[in-house]
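Written out below as structure tokens is the structure these notes cover.
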């Protein structure tokens, strides 16, 4: 049997673990993975890497324990999931990646659907001057977005997600993508350092299209390969045999108790391809 | 900015020379001569004050009765001495020239001959001085009793910090004082303790020596959260023990029984005969009577009745009212966001309760916001491994429970806190291990929830005000009022705020309150760098 070729990294609920929550999302992801690895290792039995679990062709690090899930009725929560497609990964893979990512979140929170799925395409960032010709998307880009977007529409029809969200889309990008969709996005999430300078045309356009403009503080490159490899090298005992680690997607999930505005659960999963060196 | 709908409506119900203003204290309340219109002479039979007329008391029978009962239970008039602010031409030593020593209409006229008015201080002798002060108080609904207890305890150490940051009352009875806040004035204004209870005479007729007024800082924590340590309740408080026993017998736990038994060491201030004659267990008037005349800086509010949809609530009571609606919104929303952040992250702000009391005194000092330091907790995140319900989450793969993580070793309580400036508490300390700052924590919370751009922009303006008031870029209302007086051409550098200065100050407060004054000197300091 060939060794597993995929690995899913998991942070668990990071909302109550402290300082990691005060950092940019790339640091938050790395630090909370590091913390979760340490916690898992300290809980594990004598075998050095017993906290990594194998299931089919996938490693889980740490292994999937029985997650706590949510403490109140599902209807009390607003669950938002943001999926980061990473650079250098085939667009054709996104359909499977989206479903895998969602499945991990469902299992972690013990739910069967989420309220909002926001997708983040690689290599695009929000530009307040989004009418300049530089940001005019190419036909190739638009085709990629449209192909990926279809997956979300299917998921919505299947009842797995209630609303679809985009991120970093200015007017130019929206104008190109919207005609290619049958279910309109409900949300456009933008990263603006000073949210009081959102361009008027975007505010106007979003209002006309009934797209909610939300803010976020994530960074463009959430998990560079080098950063992940660095983290794994720190845990040489557990990950010594992991070679050519190549991140495929990252997903962030947040469960907020709607009426009270309390964040009860927040965490990340990251999936990577890996070669196992058995020597 | 423009005048809020509320101000417009209020104004419609007023005469031409009346206007709604939001000042914590009216600067010339109680000066000799006219400070009300129409004028009434002071020294009526109810308050018996040298300074304020009985006519300023609300005419509802409750209020004259409160005033008279506090005075008669205490055995003298209430007594408030505020240190005067010594300016270049202030007589030194300062002897309050408005005190009349030769009156003999009431037995209480002897108070001042027995030393009630202290040298170097502005003296006040009536409940009206406290009740004439306005506050910014916010009540939160909690999801259940245990969340209410958590919020009560966690907001408690924030009380003095927010008092210093919202400071808005440097002038009393026409004098610049050396304090910035109203809190202790109200505390003194409703202090009904007898001489025995204040520890001035050995106990004979009374049961307890009581260290604090019924209006004072919180003296006991009530939550049963895992972050609580018995060391935090380091003040030995008096309790109504027979009552406490009844509560314990009825199934109430120790911390909560202690809280209520402490409230019930006080006598009622006013009782209406109906509530005695028609006494019923279902009716909680008699509970509310004691509960609502204990004015601590937090209030724990049980549901008003079993049928009512209103649940367990907590009131945050220390802040001073601000001159503008924008500032009042900013302070209110800051506290609301802080509660959401506390509940999401499970934050722990506990310090020994005696340190909260000490902070409360510190907060009063002139410019405490920039020149004083406050005891504050260093590490506010819950220890790792603890989950939301406090049980240790150590589900290990395969169900093995060996090698469970060791419980966190608790060090001495004294190591958990240190002295910080308001700026450090709000905006954070330098360095990897420094306190991150409440604003940083709130922003991190906001980054974890879905907020639309317009709301986020509005919240950013509110947080910016808190940030700049904390780091001194902008002034507190107290500092701004002091600067207004100092730079007024009619101010004679003698600490005295005369009628002209007072008039212009109140007119300025009106302009600001109506959302006007941008681009003028009025904004300097308050919303712009001076």
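Here, each number is a calculation from the coordinates, and none is a lab measurement. This structure is a prediction, so every number in the text was calculated from the model and none was measured. Please note: Cβ atoms are built from the backbone with ideal geometry, for glycine as well, and neighbour counts cover all protein chains shown.
Brief remarks on what is shown
- Burial order of peptide ranges B:171-184, B:357-370 (average beta-carbon count within 10 Å, highest first): B:171-184, B:357-370
- Dividing the alpha-carbon radius of gyration of chain A by the rule-of-thumb value 2.2 N^0.38 Å gives 1.03.
- Förster-model FRET efficiency, 25 Å R0, residue A:125 and residue A:209, C-beta, rounded to 0.05: 0.75
- Alpha-carbon Debye profile of chain B, log10 I(q)/I(0) at 0.05 Å⁻¹: -0.22
- Summed over qualifying helices (DSSP H, 4 residues or more, each -39500 (n - 2.57)) and divided by its residue number, chain A shows a 222 nm mean residue ellipticity of -9500 deg cm²/dmol.
- The label-point distance for residue B:253 and residue A:162, in a model that sets each label 7 Å from Cα toward Cβ, rounds to 3.4 nm.
- Nearest-0.05 FRET efficiency for residue B:410 and residue B:113, computed from C-beta distance (R0 45 Å): 0.25
- Gyration tensor over alpha-carbon atoms, the stretch B:1-59, equivalent ellipsoid semi-axes in Å: 28, 12, 10
- Contour minus Cα-Cα distance for residue A:233 and residue A:181 (0.36 nm per residue): 14.4 nm
- The protein assembly as shown shape via C-alpha gyration tensor axes, a/c threshold 1.5: prolate
- On Cα atoms only, tilt of A:94-109 relative to the major axis of chain A in degrees: 70 degrees
- Across chain B, the relative contact order, built from alpha-carbon pairs under 8 Å that are at least six residues apart, equals 20 percent.
- Paramagnetic label reach from residue B:205 (point 7 Å along Cα→Cβ; backbone nitrogen cut-off under 17 Å): within the stretch B:67-100, residues B:68-78.
- Under a Gaussian network description of chain A, with springs only between Cα atoms under 10 Å, the residue in A:234, A:53, A:140 that fluctuates furthest is A:140.
- Alpha-carbon centroids, the stretch B:473-530 and the stretch B:30-76: separation in whole Å: 29 Å
- Label-point separation in nm, residue B:61 to residue B:245, each point 7 Å along Cα→Cβ: 3.7 nm
- Antiparallel bridge percentage (DSSP; both residues within the stretch A:5-276; nearest 5): 60 percent
- Principal-axis tilt of helix A:139-157 within chain A, Cα atoms, nearest 10 degrees: 70 degrees
- Residue A:24-residue A:225 pseudo-label distance in nm [points 7 Å out on the Cα-to-Cβ vector]: 2.1 nm
- Shielding by partners for peptide B:440-450, expressed as the average number of C-beta atoms from other protein chains within 10 Å of each residue's C-beta, is 6.
- Within the listed set A:22, A:117, A:155, the Gaussian network model of chain A (springs between alpha-carbon atoms below 10 Å) gives the highest mean-square fluctuation for A:22.
- Relative contact order computed over the stretch A:5-276 (Cα-Cα under 8 Å; 6+ residues apart), in percent: 28 percent
- Note on A:159-167: average number of Cβ atoms from other chains within 10 Å of each residue's Cβ is 0.
- This ranking places B:124, B:14, B:131, B:162 by how few other beta-carbon atoms lie within 10 Å of each, fewest first, which gives B:14, B:131, B:162, B:124.
- Rounded to the nearest 500, the 222 nm mean residue ellipticity of chain B from helices alone is -10000 deg cm²/dmol, with -39,500 (n - 2.57) taken per DSSP H run of at least 4 residues.
- Taking only the alpha carbons of the stretch A:109-233, we obtain Rg and Dmax values of 15.6, 50 Å in that order.
- Taking other C-beta atoms within 10 Å as the exposure proxy, B:488, B:60, A:216 rank B:60, B:488, A:216 from fewest upward.
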